[in-house]
């Protein structure tokens, strides 16, 4: 039964004026852009301070991986342990005293598409701070949440209809993604494919507008840079055949990763055990970082090395196993964050292994080329967003359009296999 008091609110009107929609669209893009920019600047500032590099520039040519590698082993252990303290106490306090969190997907499907302002902001800040201190989870959820909560607040204040409010909340989330990664098309497609499930004009226009505005605004503070500097790569027949053969392998791997992370999140204890497990988990990651400085952070470092053909098969395999392990353990301990960049890194690392073996029999392709294709295939299946994954990888890397054929073939095989394994697993449970 609907709430009569809520029905009388302006947000229940059947249609929103075009001028009001246009204004909310503009303000959503600007707000999400500023939010994404500020979160990214905060992330960089904490990274530089924690690991002691590029202290005079928030945005610098020195990467996080270079900073961590240059830091002493003792500093890596100390910073990761501090990350565990912040994560444990922060999320325990939020769950204990804050209002219940509402995810973006829940808000988009709700008759009251609102997210609790203070709890959501704290949740986003905790993700940014912990990723900056070395958490292996992704940072992309934080700007999406800030953009979504801002769009929801604007929609309520402007008196938009429920249907229009849902669209604007989704657009705010996509705009936050576009801002923090400078991916205007990727942000828009994420809204349409993942959050709304439609490419209709009513959703398409605000999705494109908000993401474009947000990316442009964020460039004021972050610059017009793409995420990964990838050397010139060439596609060839070997890559195309490899994409067809290995696409299903990425689908199976993505399904396994998804199941692990899903079970880890479902097993979180939100009582006194949360801070204890977080400190223990991140102290172990800090100890591993003494020997593997590529491990701290959301996975951008290993992915960059893979795209640059700078990893051996053995190191890529070791990093893949460790990244999956610490990502899962961090979620199980109670830390929060996204899986976009971790999924991208997992796909790139797995591709180095598979591509290295393939090259023994059919040489001619670079490791970086395998990595780009594998990153797209794994990301597409693990997050069930094939179109968005393809767009994001091309915007992240700015690779040649020649890669569309092998990327699409690998993504198609990965998605189909993921769905087949999912259906088989579900059937097995029903008959088990």
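What follows draws every value from the coordinates through simple rules; no lab data is involved. As the structure is a prediction and not an experimental result, all values here were calculated from the model. Here Cβ is always computed from backbone atoms with ideal geometry, including for glycine, and neighbour counts include all displayed protein chains.
Some observations on this one:
- Peptides 316-323, 264-271, 225-232, ordered by how many other C-beta atoms sit within 10 Å of their residues on average, highest first, read 316-323, 225-232, 264-271.
- For residue 424 and residue 205, the difference between the fully extended length at 0.36 nm per residue and the C-alpha to C-alpha distance is 75.0 nm.
- The slack between residue 321 and residue 42, meaning 0.36 nm per residue of separation minus the straight C-alpha distance, is 97.5 nm.
- 0 to 90° range, to nearest 10: angle between helix 367-382 axis and the chain longest Cα axis: 40
- Estimated FRET transfer efficiency when R0 is 35 angstrom, pair residue 271-residue 240 (beta carbons, to 0.05): 0.10
- Alpha-carbon centroid distance for the pair the range 212-263 / the range 43-99, whole angstrom: 25
- The residues 429, 300, 109, when put in order of fewest to most other Cβ atoms within 10 Å, stand as 429, 109, 300.
- By the count of other C-beta atoms within 10 Å, a proxy for reagent exposure, 352, 284 are ordered fewest to most as 284, 352.
- Each of the peptides 407-414, 73-80 was scored by the mean count of other Cβ atoms within 10 Å over its residues; in descending order, highest first, they stand as 407-414, 73-80.
- Rel. contact order, % - alpha carbon contacts under 8 angstrom, at least six apart, the chain: 21
- Label-point separation, residue 103 to residue 125 (7 Å along Cα→Cβ), nm: 2.5
- In the chain, helical runs assigned H by DSSP with n ≥ 4 each contribute -39500 (n - 2.57); averaged across all residues and rounded to the nearest 500, the mean residue ellipticity at 222 nm is -24500 deg cm²/dmol.
- Note on residue 163 and residue 308: the model spin-label points, each 7 Å out from Cα along the C-beta direction, lie 5.0 nm apart.
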